[in-house]
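Step one of this worksheet: look at the structure below.
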Amino acid sequence: MANWGYHAVRLFLRLVLALFFSEHVPEGGPVVLAAVHTNALLDPSLLIATAPRPARFMAKDTLWNSCFFRFFLWLTASVPVKRRMDHGTLTAEEREAATTATFAALFETLGAGSCIGIFPEGISHAEPRMAPLRSGTARIALGYLAQAAGAPLMDAAASPASTASDADPLLAPRPSVHAMHPHQHTITIVPCGLSYLSRSSFRSRVLVEYGRPLVVGPRHLAAYQANPAEAVRALTAEIADALAGVTINADDWDTLRLVQMAKNAVAPTAALSDHVATTKAFLATYEAHREEASMRALRAGGMEYMTRLESIGLKDHHIATNVGIPMGILGFVARFVLFVVLLPFTLVGFFVHFPIYFLAWIVSRKMATDSLDTIATAKAILIVVFVPVIYISITVALTLVLNPWYAWLAICIVGLPLVGFATTNALIYGRKVFKGMRAVVTIMHWRAEVAELRALRHSLIDQLLAAWIVFGSETEPPSSTPTSSGAGTPIPSPMVPTPGAASTPVLPAVFGFGSNLVINDR
């Protein structure tokens, strides 16, 4: 692995993602980071930036066709994988040869006591729940243990294959890892959850959650040697359960929107880590009691509320905030005046960055229908490619034309990134201002409808809290969370709210802190 390249990419990603960092995965021994995959290349970028150990990721081999991607894949020593969906014409022998090469590279990494990263779903998607897991992660872990425990301390190519190799090619001879770590009999799988509040929006928030490690050891190995297929299925199910603990999983988007509306009603200002924990608790309660009459009535009322909101172009927080028309107009005017004052300072930055903004808008429009999980990746690529080109072009032009050249060089090196940062934040603020203006106008026009929606919302909150009192105590959050020493710290049970107390949080703060990116170590 090109260590210098990996650490350079990692530092770059931390700067780009502006994240907070702390230690999470085991410090030593072979580790598999198993993560959900809902935002294309931003998912491995987040793990590279947050994991305290370098991880060698698996990636579909078609990415190597791009010169741009190939460079970063080389820097991070990624391992190419030939997926059947990408190479439907491969023969069985070609697929086996490709699989052998992939697993040999991964076994070598694990045998050195290092870390690999994998997305067990096998695809990137934009669904509200995990896709069914492929068996690859379990096969890698069990195949590595089988070799580490049983490969002779000599060239594996000269050793005979076991009888079980006919059932599972991973038990066939491969480069020995036993010689590297003869006493290593376990491998740790760390489930990684990535929860995006708005996966394609710039400067939105994401929670990176490292769950309880799943230690694969002698028990799993014994089962694998007895019945490889069944052991792989069982371990895949364990990995799925571990990943479910660090992800938000809803049957459909309507259910997820209802649950998130419920969360926003009772804990509107919760930190991101609390938002995810509360959403999980509500989902678990809803799924367990969705056939109850009170839950069906709550869903019907919630769907009516959201449909009526969408019909007049408002969001839930517009209804929740009842500041009155005069105060709403005053607030908008104050924000608009501030935006106008800041605007002259950002005009230069806007024209400098206009090509990037325009291309990002075009990309978002084209991908909005069938490629939701790749919009953010496309935007990130535009920034990584075009920002340096634009900055370097401006710097060269100014230093060639204006004197003294070194002064303008220093101004460009320091000033252009600051201008870019200020302009981007000003545009985000301006977008919020004009969205607020549209909301004020809509509320003034639909006064009667807004009053009815506000009453319906209060009724739904009362029903929600009453249902939580009846059903919610049956759904408990994790009873403990590991500290740096490995000890457990009890987490209080969910607080039981009283009907009408719409601002009362359902769950206490669990762990972590709010930011553009938050990291939880469960």
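The values are calculated or read from the model by the stated rules, or taken from the named source; none is laboratory data. Predicted, not measured: the structure shown is a model, and the values here were computed from it. Here Cβ is always computed from backbone atoms with ideal geometry, including for glycine, and neighbour counts include all displayed protein chains. These accessible areas exclude ligands, DNA and RNA; they are computed on the full protein's heavy atoms, side chains included. Shrake-Rupley method; radii C 1.70, N 1.55, O 1.52, S 1.80 Å.
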Original post:
Three principal axis extents, largest first, for the C-alpha atoms of region 346-466, in Å?
Top reply: 69, 32, 28
**OP:** State the Kirkwood hydrodynamic radius of region 252-472 in Å, one decimal place, computed from all pairs of distinct Cα atoms.
**Re:** 21.3 Å
Original post:
Where does each of 458-470, 115-127 land if you order them by average Cβ count within 10 Å, highest first?
Top reply: 115-127, 458-470
Original post:
If you bin the C-alpha pair distances of region 228-271 every 10 Å from 0, what whole percents do you get?
Top reply: 24, 30, 26, 14, 6
Original post:
How much length, in nm to one decimal, is gained on full extension between PHE351 and MET85, taken as 0.36 nm per residue of separation minus their Cα-Cα distance?
Top reply: 91.5 nm
Original post:
Points 7 angstrom from Cα along the Cβ direction at ASN425 and VAL387: gap in nanometres?
Top reply: 1.4 nm
Original post:
Taking 0.36 nm per intervening residue step and subtracting the Cα-Cα distance, what contour gain separates GLU230 from LYS435 on full extension?
Top reply: 68.3 nm
Original post:
Roughly how many nanometres apart are two label points built 7 Å out from the Cα toward the Cβ at ARG95 and ALA297?
Top reply: 5.4 nm
Subject >> Length added when fully stretched, SER311-ARG257, from 0.36 nm per residue minus Cα-Cα >> reply: 17.8 nm
Original post:
Given H placed on each backbone N at 1.01 Å, which residues far from ARG129 in sequence or on other chains put an amide H within less than 5 Å of it?
Top reply: ALA250
Subject >> 22 Å Cα-Cα reach of LYS60 towards lysines, excluding residues that sit fewer than 8 places from it in its own chain >> reply: LYS82, LYS379
Original post:
What is the spin-label model distance, in nm, from ALA451 to LYS366 if the labels are put 7 Å beyond Cα along the C-beta direction?
Top reply: 5.0 nm
**OP:** Putting +1 on Lys and Arg Cβ atoms and -1 on Asp and Glu Cβ atoms, find which of SER294, LEU258, VAL363 reaches farthest to the positive end of the dipole of region 252-472.
**Re:** VAL363
**OP:** Please state the charge dipole magnitude for region 181-305, taken about the Cα centre, from unit charges on C-beta atoms (+1 on K and R, -1 on D and E), reported in debye and rounded to the nearest 20.
**Re:** 360 debye
Subject >> region 257-324 and region 35-53: distance between their alpha carbon centers, rounded to Å >> reply: 29 Å
Original post:
In what sequence, largest accessible area first, do ASP61, ASP252 appear using a 1.4 Å probe?
Top reply: ASP252, ASP61
